[in-house]
Amino acid sequence: MLKSVLKHYWFTGAATVAVVASAAYFVAVGEPDSGKTVKNPKSKPKNKLSGLINEGNTCFINATLQALASCPIFFNWIDSVLTRKTSDITEHYLRTTCSLNMTMAVINNQHPTIDVHTFNSRQLIQSLEKHGWNLKSEEQDAHEFFNMLSTTIDEEINKNNKISKGISIDEQATTSVCQPNSSSPFRGYLASQLCCLSCGHKSVRYDAFECLSIPLPKLDVRNAFTMLNVEGLLKQFLAAETVGEVQCDSCSLKNGKSVFLKQLSLGKLPQCLCLHIQRCDWTNAGQLTKRQDLVRFSEELNVGNFVYTNRLSGNFKPVTYRLRAVVEHLGMADSGHFVTFRRNIVDGRTRWFYTSDTFTRTATFDEVLKSSPYMLFYERCT
């Protein structure tokens with residue numbers, strides 16, 4: 001409990017109380033349960049990120065945490081949520097949120113008391129297991145962990161709020177989507193517009209997402225190593241398609257069913273955009289394989305052409321996101337290792353880092369662009 005109280009006081013400005021609590025904490029327990037060692041703050045350079053200890057096949061956790069810690073909007077949102085809560089609520093109902101916040105602060109070298117070269121996520125893992133998640137399975141990966149963590153944080157923060165995952169409205173209704181102020185910066189809404197090809201009736205449905213899982217195009221057996229780009233994959237994912245045998249309430253057809261044109265678009269933009277490139281595929285023989293397609297990406301991603309309101313008005317004004325992290329999977333479909341290239345501000349300058357569990361080093365942006373993305377993390381800049 002003392003650990004969460006300490007965190008609460010530091011980030012609400014009560015520095016004097018935090019100093020006293022910090023001294024009492026270290027006298028009582030010597031070092032934090034979640035840190036490997038506690039060193040003098042000067043022992044680690046301020047441009048050095050902390051690595052994360054592999055707790056036994058937990059590279060998928062470490063890679064995801066490093067990526068999330070590279071997103072200031074998300075980090076500040078978590079911190080603001082905890083600042084608004086009392087210490088009792090923080091301790092008893094926001095265990096995972098508190099553990100995530102502390103972990104991100106430490107690996108970013110921003111924690112007021114914990115200064116380590118390597119850290120562990122044991123406390124965070126235990127809090128997730130108390131929510132019923134099984135983190136010992138060999139089947140899990142970075143994308144699954146991201147969804148698991150997002151769901152748990154949403155449950156903790158919005159424990160008494162009912163959040164609608166899908167909202168259906170007709171074409172004449174407002175196109176805005178309401179959501180609680182405590183929703184994650186990764187929360188966005190896909191607009192699914194249906195147009196009856198028989199009578200022209202239109203309706204739109206909004207479905208919440210935290211991460212867009214983008215499929216690769218059908219594999220060309222004559223060319224296993226195709227060159228793709230993120231914008232093209234998004235265009236394919238959101239492309240219009242026809243859907244048959246759909247009930248139409250306004251249609252004059254006797255059976256009430258018709259063919260519809262379905263068009264997906266971005267109905268409500270998230271502040272942080274997470275894209276998952278689906279690289280696993282099944283062969284005709286029923287074997288799971290990993291796609292090795294080269295997917296190009298750049299530092300900025302313009303999604304203006306995919307925004308629902310832009311398509312309605314025909315005014316495709318730019319909507320730009322800036323790259324914050326790239327999670328890469330090394331190896332085959334049933335084995336391998338997750339690493340992260342992540343962005344960080346050091347002395348007012350943007351620098352890129354390569355992180356692989358406890359190992360961290362600086363990286364060039366050219367090295368980042370040559371990676372094979374499995375997950376891409378962006379923050380909105382316009």
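Residues of the stretch 63-74 being farther than 18 Å from residue 362 by Cβ and either in contact with a strand residue (DSSP E or B) (Cβ under 6 Å, 6 or more places away or on another chain) or not in a helix (DSSP H, G or I) (or both), which ones? Matches in the stretch 63-74: 71, 73, 74.
Taking residue 91 as the residue in question, decide whether it is at pLDDT 90 or above and more than 27 Å from residue 358 (Cα to Cα). So residue 91 fails the test. Looking across the stretch 326-341 at every residue that is part of a strand (DSSP E or B) and of a type in the set (A, V, I, L, M, F, W, C), the one that is nearest to residue 356 (Cα to Cα) is identified as 339. If you go through the stretch 273-295 one residue at a time, do you hit one that is among the aliphatic types (A, V, I, L, M), modelled with pLDDT of 95 or more, under 26 Å from residue 117 (Cβ atoms) and crowded, with 21+ Cβ neighbours inside 10 Å? No, the stretch 273-295 contains no residue that is among the aliphatic types (A, V, I, L, M), modelled with pLDDT of 95 or more, under 26 Å from residue 117 (Cβ atoms) and crowded, with 21+ Cβ neighbours inside 10 Å.
Scanning the stretch 294-312 finds no residues that are at positive phi and either in a loop (DSSP other than H, G, I, E, B) or not hydrophobic (A, V, I, L, M, F, W, C) (or both).
Do we find a residue being aliphatic (A, V, I, L, M), touching a residue at least 12 places away in the same chain (Cβ under 8 Å), closer than 17 Å to residue 297 by Cα and outside any strand (DSSP E or B) anywhere in the stretch 360-372? Yes, the conditions are met somewhere in the stretch 360-372. For the stretch 194-210, a tally of residues being surrounded by fewer than 20 Cβ atoms within 10 Å (Cβ to Cβ) and either touching a His at 6+ places or on another chain (Cβ under 7 Å) or among the charged types (D, E, K, R) (or both) returns 3. Applying the condition of being among the β-branched types (Val, Ile, Thr) and exposed (fewer than 14 other Cβ atoms within 10 Å of the Cβ) to the stretch 349-380 and asking which residue is farthest from residue 58 (Cα to Cα) yields 350.
The values are calculated or read from the model by the stated rules, or taken from the named source; none is laboratory data. A quick note: this is a predicted structure, and the numbers were derived from the prediction, not measured. Heads up, the Cβs are rebuilt from the backbone with ideal geometry, glycines too, and the neighbour counts pull from every protein chain shown.
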